Amino acid sequence: MELFFDMKSIRRITEAEITDIIPLFDAYRVFYKMESDINAAAKFLKDRITKEESIIFAAYEGDKAIGFVQLFYTFSSVSLQKSLILNDLFVDAKFRGASTGEQLLLKAQEFCCKKNRYKGLALETAIDNPAQKLYEKLGWVKDYHAFHYFWQVK
């Protein structure tokens, strides 16, 4: 059975298009219990794009950005390959359930593997995040052989 869905326009964000996703990026941060800060969000995104530290794809409904995915570069010393961390994925609440997140994930996979031949994509998500079903549907495999640790400056 084929799944048909409304294809959104998905394109890579350039410095000129950062303003399209600032409200989404701020809403994403608020979703994760951070204070809203449009100016800091704009500066963060501009720095990532101008310093070529991340790749951002946005989904558009007409001329309005409705979701985005942000990827960061990382490297594997063991395999001697470049890979990407899918750090941020967000879809405006009004557009959830309409395959926008799926289309953004597929675009990230295409960029990673078909266009650049990187090793793969990694992501971290909350234990109770319902998006896990979508990740697994698209071929992501849950890592059971390693723990994730984080040290924080205090």
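Could you check LYS107 against (1) out of contact with any strand residue (DSSP E or B) (no Cβ under 7 Å at 6 or more places or on another chain); (2) of a type outside the set (Ser, Thr, Tyr); (3) touching a residue at least 24 places away in the same chain (Cβ under 8 Å); (4) more than 17 Å from ASP26 (Cα to Cα) and say which number it fails?
(1)
In the range 1-37, which residue that is polar (S, T, N, Q) and under 22 Å from GLU110 (Cβ atoms) is modelled with the lowest pLDDT?
Result: SER9.
Show me the strands (runs of 3 or more DSSP E) entirely contained within the range 1-99 in which 3 or more residues are surrounded by 13 or more Cβ atoms within 10 Å (Cβ to Cβ) and among the aliphatic types (A, V, I, L, M).
Because the criterion is at least 3 residues that are surrounded by 13 or more Cβ atoms within 10 Å (Cβ to Cβ) and among the aliphatic types (A, V, I, L, M), the strands (runs of 3 or more DSSP E) in the range 1-99 that meet it are 54-61, 64-76, 81-91.
Within the range 116-125, restricting attention to residues that are closer than 19 Å to SER79 by Cα and of a type outside the set (A, V, I, L, M, F, W, C), which residue is surrounded by the most Cβ atoms within 10 Å (Cβ to Cβ)?
TYR118
List, please: which pairs have Cβ atoms under 8 Å, are six or more places apart or on different chains, and start with a residue in the range 116-143 that is modelled with pLDDT under 90 and end with one that is aliphatic (A, V, I, L, M) and part of a loop (DSSP other than H, G, I, E, B)?
That search, which allows pairs on different chains as well, returns THR125/ALA131.
The values are calculated or read from the model by the stated rules, or taken from the named source; none is laboratory data. This structure is a prediction, so every number in the text was calculated from the model and none was measured. Backbone-built Cβ (ideal geometry, glycine too); neighbour counts: all protein chains shown.
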